[in-house]
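**Q** Take a look at the following structure, please.
Every number in this text was worked out from the coordinates using simple rules, so none of it is lab data. None of the values given here were measured: they were computed from a predicted structure. Methodologically, a virtual Cβ is constructed for each residue, glycine included, from the backbone with ideal geometry; neighbour enumeration extends over all protein chains shown.
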Amino acid sequence: MTTAILKQPTEPTEPTAARKPNRSFVHGLITNKKALVGMIVMLVFIALALLAPVLFPGDPSRITAMASLEPDAEHWLGTTAKGQDVLALTVHGSRSSLFVGLTVGFASTFIGILVGLASAYFGKFIDEALSLVTNVFLLLPGLPLLVILAAFLPPGLGTVILVLVVTGWAGSARVLRSQAQSIRSKDFVAAAVVSGERAGRIMFREILPNMASIVMGTLLACVIYGIGAQAGLEFLGLGDVSTVSWGNNLFWAGNEGALLTGSWWVFVPSGVCIALVAFALALINYAVDEVTNPRLRKIKTPKITERGAAK
C-alpha cells in the first residue's frame with residue numbers, strides 16, 4: 001500500500017500573471033503605427049517648445065515689421081495687426097500651452113489615482129465619502145464653473161492650472177475607481193492583505209501596476225482637456241493676456257479683427273497647432289486601447305483560393 005507524500009514548498013512561489021503588469025504593453029505601443037505617428041507629432045512640438053528661445057530669441061511679442069503682412073520669405077506666417085511675427089508667437093506659444101496641458105494632465109491623473117485607489121481599497125465609509133465628493137464635482141457644470149473661477153481669481157498660469165485641475169480631476173477619479181475596484185477583488189490582492197502587507201504597498205505595488213493602460217489613457221485625455229480648456233479660457237479673455245500662448249494668440253486675433261479683415265494667417269496657425277496636438281494624443285490614446293483590447297486589433301484572415309486551400 002502506497003501513501004502519497006505531500007511536499008511543502010520551501011521557496012515562495014512565483015507571482016501570478018495577474019500580479020505582473022503586461023510586459024508586452026510597451027512593445028505593442030511602440031510598434032503600433034497610430035502611436036508612432038502620435039509620438040512623432042508630439043516630439044516635434046516638444047522640440048519646438050524647448051528650442052523656441054534659440055529659434056526666436058528675445059520677446060516674441062515685439063514689433064518686427066509692418067502690420068498685417070501676408071506670409072512671405074521674411075515672415076513665413078505673416079504678421080499681426082500690430083506687426084508681430086506670427087511664427088514667433090506660434091512657436092513660443094507652444095511653451096505655455098504644452099506646459100499647462102501636461103501639468104493639468106499629470107495633476108488631475110495623480111489626484112484621480114489617489115482618490116480611486118483609496119475609494120476602491122478601503123471601501124465602506126471612505127468610499128462613500130470620496131464618491132460623494134467626486135459626484136458633486138461631476139454634477140457641477142464645467143464651463144460655467146471654469147468661467148466663474150477664472151474670472152474671480154488673479155490672472156496667471158498658476159490660476160489657469162488650478163482652475164483646470166479643480167474642474168478636471170473628478171472624471172479621472174471615477175474611471176480609475178471603477179478599474180481599481182475590479183482589481184481589488186482579485187485573489188492576489190486578497191493574499192497580500194492576508195499576508196499583512198501595508199495598505200499603501202498593496203495599492204501602489206499590487207493594484208496600480210495592473211492599471212497601467214487605463215492610467216495612461218486617462219492621462220492623455222486629461223492633457224487634451226488641459227490644452228483645449230486653456231485655449232478656450234484665454235480666447236474668452238479670462239487668462240493672462242500678457243503671456244504668449246495659442247489661446248492668447250487667438251484672443252488677440254479676434255480683438256484685432258483678423259476674422260473681419262480676412263487675415264487668416266494670424267489665427268489659423270495656433271488653431272492648427274491645438275488640433276494637431278489633440279489629434280496626436282488621441283492617436284496615442286486609441287493605440288493604447290488597441291494594444292490592451294484584442295477586439296480592436298485587426299486580424300488578418302487567410303485568403304481562400306479556388307481549390308479552397310488557405311494561403
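**Q** Compute the acute angle (0 to 90°) between the alpha-carbon long axis of helix 212-235 and the principal axis of greatest extent of the alpha-carbon atoms of the chain; round to the nearest 10°.
**A** With both axes taken from Cα atoms, the answer is about 20 degrees.
**Q** Match the structure shown to one of the listed values (i) 25.7; (ii) 29.0; (iii) 23.7 of mean projected area of the Cα convex hull in nm², computed from it, and give that label.
**A** (ii)
**Q** For region 42-104, what is one quarter of the convex hull surface built on the Cα atoms, given in nm²?
**A** 4.6
**Q** Local charge sum around residue 220 (other residues, Cβ-Cβ under 15 Å, Lys/Arg +1, Asp/Glu -1)?
**A** That works out to -1.
**Q** Using each residue's phi in region 175-187, evaluate 6.51 cos²θ - 1.76 cosθ + 1.60 at θ = phi - 60° and report the 3J(HN,Hα) Karplus result to the nearest Hz, with x for Gly and Pro.
**A** Working through the residues one at a time gives 5, 5, 4, 4, 5, 5, 5, 5, 6, 4, 7, 6, 5 Hz.
**Q** Suppose every K and R has +1 on its Cβ and every D and E has -1 on its Cβ; what is the size of the dipole of the chain about the Cα centre, in Debye to the nearest 20?
**A** I would put it at about 1640 debye.
**Q** While we're on this one: Using a simple spin-label model with points 7 Å from Cα along the Cα→Cβ vector, what separation in nm is obtained for residue 190 and residue 293?
**A** If labels sit at residue 190 and residue 293, their model points lie 2.9 nm apart.
**Q** Let me ask something else. Could you point to the residue in 145, 51, 118 farthest towards the positive end of the chain's charge dipole, with +1 and -1 charges on the Cβ of Lys/Arg and Asp/Glu respectively?
**A** 118
**Q** Cβ under 13 Å from residue 283's Cβ, residue 283 left aside: what net charge do those residues give with Lys, Arg +1 and Asp, Glu -1? Please list the in-between numbers first.
**A** Details: positive: 33, 34; negative: 289, 290.
Summing Lys and Arg as +1 and Asp and Glu as -1 gives 0.
**Q** How much mean residue ellipticity at 222 nm does the chain get from its helices, if each DSSP H run of length 4 or more adds -39500 (n - 2.57) and you divide by all residues, to the nearest 500 deg cm²/dmol?
**A** On the way: 11 runs with 197 residues, N = 311.
Taken over the chain, the calculation gives -21500 deg cm²/dmol.
**Q** Ordered by residue, what ³J(HN,Hα) values in Hz, to whole numbers, does region 47-61 give under the Karplus form 6.51 cos²θ - 1.76 cosθ + 1.60, where θ = phi - 60° and Gly and Pro are x?
**A** Coupling constants for region 47-61: 5, 4, 5, 6, 8, 4, x, 7, 6, 9, x, x, 7, x, 8 Hz.
**Q** Can you list the HN-Hα couplings for region 137-143, worked out from phi with the Karplus curve (6.51, -1.76, 1.60; θ = phi - 60°), rounded to whole Hz and with x for Gly and Pro?
**A** 3J(HN,Hα) across region 137-143, in whole Hz: 5, 6, 7, 5, x, x, 5.
**Q** Defining a contact as two alpha carbons under 8 Å apart and six or more residues distant in sequence, what relative contact order in percent does region 131-252 show?
**A** 29
**Q** Roughly what would the spin-label model give for residue 102 and residue 261, points 7 Å off Cα along C-beta, in nm?
**A** In this crude spin-label approximation the distance works out to 3.5 nm.
**Q** Under a Cβ-Cβ cut-off of 10 Å, what is the net charge of the residues other than residue 116 that fall near it, where Lys and Arg count +1 and Asp and Glu count -1?
**A** Its environment carries a net charge of +2.
**Q** Which aspartates and glutamates have a Cα less than 13 Å from the Cα of residue 34, not counting those fewer than 8 places away in the same chain?
**A** Within the straight-line cut-off, residue 34 pairs with 289, 290.
**Q** Classify region 92-165 as rounded, prolate or oblate from the Cα gyration tensor: take a ≥ b ≥ c as the square roots of its eigenvalues, call it rounded if a/c is under 1.5, otherwise prolate when a/b beats b/c and oblate if not.
**A** In terms of gyration-tensor shape, oblate.
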